[in-house]
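Take a look at the following structure, please.
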């Protein structure tokens, strides 16, 4: 029997709770710990900006703000700190002098790569505790969840999740 909510939609609280409690907290924990493992102190919001720049390349600050769902003023503050630290550069668009372009420096790219390497190792360590069949099931379930979310959360994946 399918239980429905007041608006007639299927009641998904048990499943939603499981995803929230298990996957979301675990994956957020891996993400947070990866920034703690970096050789330089970077906050999670700062790291998110670095990751967007790694994915998009040099972009106007307004586009970075939209990609992160943040106000332009917030991006400006994050960028200020990252420029001082040497992780991003700020320039202007030759065709539009009022447009501020943000780009990763080699130092910023190294931070993104270090965090990505750490996360991959940590997730591999966690996944190694599962049987091969369970690893396949987890991967399939996460792929379905990512597909259901669409592009509303984060940037589209560069490559599909393997089964």
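Working only within segment 112-135, note down all residues that are surrounded by fewer than 12 Cβ atoms within 10 Å (Cβ to Cβ) and closer than 18 Å to residue 43 by Cα.
Answer for segment 112-135, where residues must be surrounded by fewer than 12 Cβ atoms within 10 Å (Cβ to Cβ) and closer than 18 Å to residue 43 by Cα: just 113.
When you scan segment 26-71, how many residues do you find that are part of a helix (DSSP H, G or I), touching a residue at least 60 places away in the same chain (Cβ under 8 Å) and closer than 19 Å to residue 113 by Cβ?
Within segment 26-71, residues that are part of a helix (DSSP H, G or I), touching a residue at least 60 places away in the same chain (Cβ under 8 Å) and closer than 19 Å to residue 113 by Cβ number 11.
crowded, with 16+ Cβ neighbours inside 10 Å, in contact with a strand residue (DSSP E or B) (Cβ under 6 Å, 6 or more places away or on another chain) and closer than 20 Å to residue 35 by Cα: does that describe residue 51?
no
In addition: When you scan segment 80-93, do you find a residue that is assigned to a strand (DSSP E or B), exposed (fewer than 13 other Cβ atoms within 10 Å of the Cβ), at pLDDT below 90 and out of contact with any strand residue (DSSP E or B) (no Cβ under 9 Å at 6 or more places or on another chain), even just one?
no
Out of curiosity, is residue 130 touching a helix residue (DSSP H, G or I) at 6+ places or on another chain (Cβ under 6 Å), under 27 Å from residue 37 (Cβ atoms) and either modelled with pLDDT under 85 or outside any helix (DSSP H, G or I) (or both)?
No: the conditions fail for residue 130.
Of all the residues that make up segment 94-111, how many are assigned to a helix (DSSP H, G or I) and surrounded by fewer than 20 Cβ atoms within 10 Å (Cβ to Cβ)?
4
The values are calculated or read from the model by the stated rules, or taken from the named source; none is laboratory data. This is a predicted model, so every value here is computed, not measured. We place every Cβ from the backbone using ideal geometry, glycine too, and count neighbours over all the protein chains shown.
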